[in-house]
Each structure stands twice: as C-alpha cells, then as structure tokens.
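Shown next, in structure tokens, is the structure this report addresses.
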Amino acid sequence: MGRHLLSGGFIILLLLLLIITDAKAQRNKASHWYFPYLSGVDFTQNPPVPTDYGKTDEIDRGTAIISDNTGQLLFYTDGHRVWNRNHQRMPNGSGLTKGEVQTSLQSSLIVPRPGSETLFYIFTTNPGHGLVEQGLFYAVVDMSRRSGLGDVIQKHVPLHNPVTGSLTAVQHANGKDYWVIAHEYDSGKYLAYLVTASGVQASPVISELPSIQREYPGQMKAAPDGSRIVVPADAGAEISDFNTRTGKLSNPYVLQRNPYAWVSGLEFSPNSTLLYVANANQAIYQYDLNKNTWAEVEASGYQVGGWGFTNIIHDLQLAPDGRIYAAKGGGQGWGATYLGVISNPNGLRNQASFDEKGFPLVSPVDQRLPMFVTSYLANPAAISYANHCLGETTVFRAAGIGSRDALLWNFGDPASGGANTSTDLAATHTFSSPGTYTVSLQVTLGDQVKTHQVQVTIHAKPAVDLGSDISVCEGTDITMDAGAGTDFTYLWSTGETTQKIAPTSAGSYWVEVSNGYCTARDEIEVTITAKPGLELGPDRTLCENTPVLLSAGGANQGYSVLWSTGQSTPDITVTKPGLYWVEVTNGVCLVRDEITINYIGLKDLSIAAANDTLSYQEPLYLEAVGTDLVSWSWDLGDGTTSRTANPIHQYAYAGTYNVTLHSTNKNGCPATSEKEIVVKPHLFIPNIFTPNNDGKNDVFRVEYNGRGAFEVQLYNRWGKQVYQASTKDFAWSGEGFPAGVYFYLIKTETGTYKGSVTLVK
C-alpha cells in the first residue's frame, strides 16, 4: 500500500514538474524583445535588463521575435527584414513585403511549424485596400540553413487581400497546431488560418461579426488560453469568444469605456481573466472577464494607470516575467527612455499596480512592442476561490481554461441539493457545512472534455453573539463577552484585544473574532440612561402633628413613582412618624431613597399657681412647668400678657379668669396649657373717717373689686342727701358738712347695702 501511494505521489509530482517545465519553455520563446529605435529587453536574466543591440529602427513597423525553449535567440523581423541571432540580416531576409511598405502596428508574427524544430512562418500584414502588394502574406524560415543561423526559403505567399494591420496567433485546442487570426479590411470578417504540420491552410475559417474593421491604429490580441479575441473598434474595443477547436469567433461585444478616444493598446492578463485597454486619453483600463455577462464585464472597468495629456499610450505587451509593459508615443511620448509596467496583471483593480516609469531603457522607444504567439505566455489553468468560511458565498474564478462550448461546476456538496452544480463562468456556492470539498470544473470543447479540480476547505466561523442591544442605568457595570474558543483572537472597536471588555460609555461597539481561518463580527448598541434625580434629604425630627411634604424630584418629568404608603404622586404629605421610602423609575433606571420621620412633643406643659382662688388684692403667682422650655407666652385672662417664665399678677376685679400659656421647648415644639383662676368678690365699708389731713381715713371710701354698676348715696340724719357717686372709686371728704352720723345707701351688682358712717372733725 505504501509503495503504491509513493508511486502515485511521485507521478503527480512528475506531472507538475513537466507542466512547470513546459510552461517555462514556452515563455522562453519570448525571452528577447527588440522594438523601434534599436531598443530592447533581455528576459533571460532576472530581473530583465535593457539592451540596445537590436536592428529594428523603423518606427512604423511592428516586430516579432522567436527564441528556443532555453531562451536562446533564433531570429527576429520587422515584417520587411529578418535578422539572425547575431543581429545580421539573413541573406534572403529582405523584402518580405512587396511594393510600398505601409504603416502597420502588427506587421509581423512568427509561428513555428508544428512537428518541426527548424521551420517557422513569418506572417506579415501590409494594410490597405485594392493594391496587389497589400494584404496578408507569409514567408518561411529554415533554421537548419547557414549553420543554424537560418535563412528565408520562401516569401510573398499571399493569403488574403485586403486586410487591416491587426494580427495575432494562438495555439489550437489540440495543443499542437496554431491559429493565425487576421481581419479583413472594411468588413466584419475575421480570418482564422490553421497552421499544422502540413503547413498553412490556404482557406481560412471566416467569422463575420457586426463590427466593421478598418485601419484602426491598435493591436489585435488573443487571450493566452485562446478563449477570446479583442481588436480596436470605433471608440472602443470589440471582444469576442474564440473557439480554438473550430477557429470561429462569436458573441461579440464592444467595450466603450471612453467613447471619445480610440483604442491604441490591448493585452490580456497571463491567466486570461483580465483585459487591459489603453486609449488615446492616456489611460489604461482593466476589465474583469470572469463575469457571466458582457454588461457585467463593462461595469467592471477600472482605470489602473495612465500618463499626462500629451503622452499617448500605444502598445501593451505581456512578457515572460508575467508583467505587462506599456510603450508611449505621440506628443511628449516620442523617444521615451522607459516603459510603463503593470507589475501584477492578474491582480484585480488597484492590485494590478501600474508604474509609469517602471522599466528604464538604454535606447528610446516609440509606440511599438514586439508580438508573440500569445499561448507562450499563458498561465496554467487554475481555479481560485475567495471566502472559505461557512455561511459566506464562495466565489470561484476559472483562469486559463481556454475555449469551451460548455462548462459545468460541481462543488462536491450534495447536501446543497440543486445548488451543487453551476454552468456560470463566475460561479458562486454557499457550502452546507464545514469540511474539505473537491470542487471540479468540467470544460467541454467539441468532443474534448477537460476537468480541473481544486480542494476547498470550509471552516466554521467563530460563534460570537454579544446579545441584544444594552440599555442600562448610569453607574451599572457592563461586561461584553465575545466568547471563548481555541486559538481565538479578538479585536474590539475600542482597540482592545481581550475576550471581554467593560465599556463605560454609550455608543456602538463591535468585535471581530478570528479562529485563524474565519472572522465573525457582531455589533451591539449601548444606551446609558441617567438616573432620575431623587433626594428626600436627611432624617427629620419634628414636633407633633407637624405635616411634612416629601417630594420625589424627578417625577414631574413623567417618571413613575411608588411610595411606601402606596401613593404614586410626585409629592406626599405625612403626619405620622416612621420610615418612608420612594422608588422612581424612568423605564431603565430605578432609584430608591428613604427617610425617617420622628415626632417629638411638649407633652408635660402645665401651669402651677400658688393659689388658684384669690382674695381681694391677693397676688397671683404662676409657674410654667415643662421640659426644656425656651419660650413663654402668657394670657392672664384680663387682657394682661407676659413672656416671663413665672409671672406675678394681681387682678383688679373679682371673677373667674382663664389663664393660657403658649410655650415651646428647645426643639421648637409648641404646647398650650390653661388654668382657671378665681378672684373672690370683696366690699368693705368703713364706719368712721376723720378729714384732718393726716393721710389716714381723710375721706369716706369703700373697697370694692366688682366691675359692674355701682352707686353710692349719703344722707344726713334728717334724710337729706348730701352726696351721690356712680363709681366705686368715689371719695367723700365731708367738706362743708358738720361732724356727725351720716347714712349710706350703696347699690352694686351683687346687692344693696345700707349703713351709717361717722364724720369726726
């Protein structure tokens, strides 16, 4: 078993080496370049070097060169003259074109005779209309002559008249023969001549397409894999499919990226998937041919480079080093000492990388670059793909697969059902599960079927889910977790590279998680909401029965409120002691605050009196009794007030008095206390008085503490009234009356009193 496996592996390796060796041998045939102004490039060295020993000095003629499989120069021509490897003109190497030599960008092309190592055909064009000397001709060079330096053994063999100056060649589908393609002048006919081991077939395969070709000063090019032909057209480039088995062109389309400039240079990428078009507006455009419709090809146009306004880009030519070189001409372009270089012509868009002065020359160049059988410069057929992660659409590109009548993709994914196959050139497929798939492309051309394969490994993407968008309250800790996995690497929008992050601000966040093959991305939006403003303040100690207004400040902004009392209004009033809390929410943030209300009172306030029943003129002694009293306000019931702690008062009248005390303690709590005081009635009537001015009993008066009506009448012994008064404060001095006994009649609210009083003088 091991020997068989080793043998099989050796065979595969040997086949790969043979393919690589053959491709290198083909490229070597284009190793030497010579073009007008005696300039050239030697591609046998790496990097290539400029030369100046070629003999091509006519600026209005294109050139063709052929080297052997090792890169040894054989001979070259400008379509009118032929030089050997020693840069000497072959003895019969003049006058390949009869009559007047016309300007022709592609005046010559060298094609080897299949099956021979010494015979070569030089195809020449002398464009124009009507003259016998004009048209498509060929000559034959035999390299066995002149001791291996070669000579022209046949020339002026006519093929067609009239023709344009456009010419190209590509290998037949059988891998041996060649097609030489020209274009009839002033018509839509393409002429494909088959070159076999028997020689050049005189009757061409004719394909008549709508576009009329005249002498546009530009190149005709075949794709290196032979699948397409492109020529200049009126304000554009006409591209067609080419069948390398039948020699037929079909499905033409005119690319008109810039309708105001004629096309001067054309070239394909080595893998035949990209077309480069140079126009008189000094620009080079790239078109992606790996599309399913010409409209998509047109839309893919991308300018990869160009020169200034006075520098017209002319020939484009693919080289053995895989790069495309561009020649300048016209205006300031005459005699340029450098070539422009597209260094990566297989690269899409800006990956192609154009350098205006990418290759310095020894001698000047103008307009022309040499021609070769384009198949020499082809990349081997290959399938490439992009996107190898599960869930992504894998895009396939088929490069260098050549002409085809049909193609069929098989993605090796039967679980995908009807999507497992495709007939599109630009195929796409979404694989059903991770794993390695053998993707095959079957290309059919006539009875020839070629199958190309590529191994595609589809990897599962890392599972990353940041969850739903986050809406949190300010101050809330946030943790985002991208998930753990073997060999995972992380990149957050914040620049962090950890599995978890803890953002502190609102905004959009994303993370890319890679497992070494695939990258998954998730995004999340973080909204941080400010807390409602809420502050019930410090605990309070209040006097009894004092109402307290508690307010949830932010509630008037439409927030929801819940008090411990069950109320849901922004403000409440409480009158009882206890712990009160409130919760306020704005839908995201819920805040809570609480407050303790304590009530203290002046419960022990009272009034103490030495005697609460007073006799006439007896003073009242009061005392405010209570704890930590700091203020007093007395109302003694007779209109008298006091703000002392222990007032003393004497009532003027008999009666019952309601004493009221308003007091506060050190906490500011008020209290009120009352006490009833009784002043007993009093009436004293003297029975004698002596008006002798000794200050004692000088007048007759009474002591009376009543406050109602009062009347006193005095009579002498004969019953005559001697005095009358209506006030209790009367005073009778007896002046003018003799000493003796007088009789009184006193009327008060409490009764009538009679008696006598003696006046002593």
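Every number in this text was worked out from the coordinates using simple rules, so none of it is lab data. Model, not experiment: these values are computed from the prediction. All Cβ positions, glycine included, derive from the backbone under ideal geometry; neighbour counts span all protein chains shown.
Things to note:
- Helix-only arithmetic for the chain: the sum of -39500 (n - 2.57) across DSSP H runs with n ≥ 4, divided by the residue total, places the mean residue ellipticity at 222 nm at -1500 deg cm²/dmol.
- Residue-count net charge about PRO538 - beta-carbon cut-off 14 Å; Lys, Arg +1, Asp, Glu -1: -3
- Other-chain or far-sequence residues with amide H under 5 Å of GLY412's (modelled H): SER440
- Applying 1/(1 + (r/R0)^6) with r as the Cβ-Cβ distance of ALA23 and THR489 and R0 = 45 angstrom yields a FRET efficiency of 0.70.
- Net charge in the neighbourhood of ARG85 (other residues with Cβ under 14 Å of its Cβ; Lys, Arg +1, Asp, Glu -1) is +2.
- Fewest-first ranking of ILE600, ILE313, using other Cβ atoms within 10 Å as the exposure measure: ILE600, ILE313
- A Förster radius of 35 Å combined with the Cβ-Cβ distance from THR118 to TYR385 puts the calculated FRET efficiency at roughly 0.20.
- Between LYS248 and ASN658, the simple spin-label model (points 7 angstrom out along Cα→Cβ) gives 13.1 nm.
- Amide hydrogen neighbours beyond the local backbone of TYR651, cut-off 5 Å, H modeled: LEU620
- Looking at segment 702-741, the chymotrypsin sites (Phe, Trp or Tyr not before Pro) that sit in a DSSP loop and have at most 13 other Cβ atoms within 10 Å of their own Cβ are TRP718.
- For segment 493-499, backbone phi angles converted through the Karplus equation (6.51, -1.76, 1.60; θ = phi - 60°) give residue-by-residue couplings of 4, 7, x, 6, 10, 9, 5 Hz, Gly and Pro being listed as x.
- Separation of segment 380-434 from segment 665-730 is 134 Å, based on Cα centroids.
- Here the spin labels are modelled as points 7 Å beyond Cα on the Cα-Cβ line, and at GLN724 and ASN69 they lie 17.5 nm apart.
- Length-normalised contact order for the chain - Cα pairs under 8 Å, 6+ apart - percent: 6 percent
- If R0 is taken as 30 Å, the Cβ-Cβ distance between THR476 and THR519 corresponds to a FRET efficiency of 0.50.
- Chain lengthening between GLN448 and PHE743 when straightened (0.36 nm per residue, less Cα-Cα): 89.0 nm
- Spatial separation of Cα centroids for segment 647-663 and segment 462-511, in angstrom: 83 Å
- Computed from label points 7 Å out along Cα-Cβ, the spacing between GLU544 and SER560 is 4.1 nm.
- Database remark: amide H of VAL140 closer than 5 angstrom to the amide H of ILE122, ILE153, GLN154, LYS155 (H placed geometrically; neighbours at sequence offset of 5 or more, or on other chains; Pro and chain starts carry no H).
- Correct choice for mean projected area of the Cα convex hull in nm² that was computed from the model, options (i) 39.2; (ii) 37.7; (iii) 69.2: (iii)
- For segment 501-544, backbone nitrogen atoms closer than 18 Å to the point 7 Å from THR573 Cα along Cα-to-C-beta are found at 542-544.
- Degrees between helix 2-28 axis and first principal axis of the chain (Cα, 0 to 90, nearest 10): 70 degrees
- 15 Å reach of a label modelled at GLU735, 7 Å along Cα-to-Cβ, counting backbone N of segment 692-714: 692-695, 698-700
- Here's the list of lysines a cross-link from LYS576 could span, going by alpha-carbon distance under 24 Å and ignoring same-chain residues fewer than 8 apart: LYS603, LYS666.
- Other residues within the sphere of radius under 15 Å centred on the Cβ of GLY734, judged by their own Cβ, net out at +2 (K and R +1, D and E -1).
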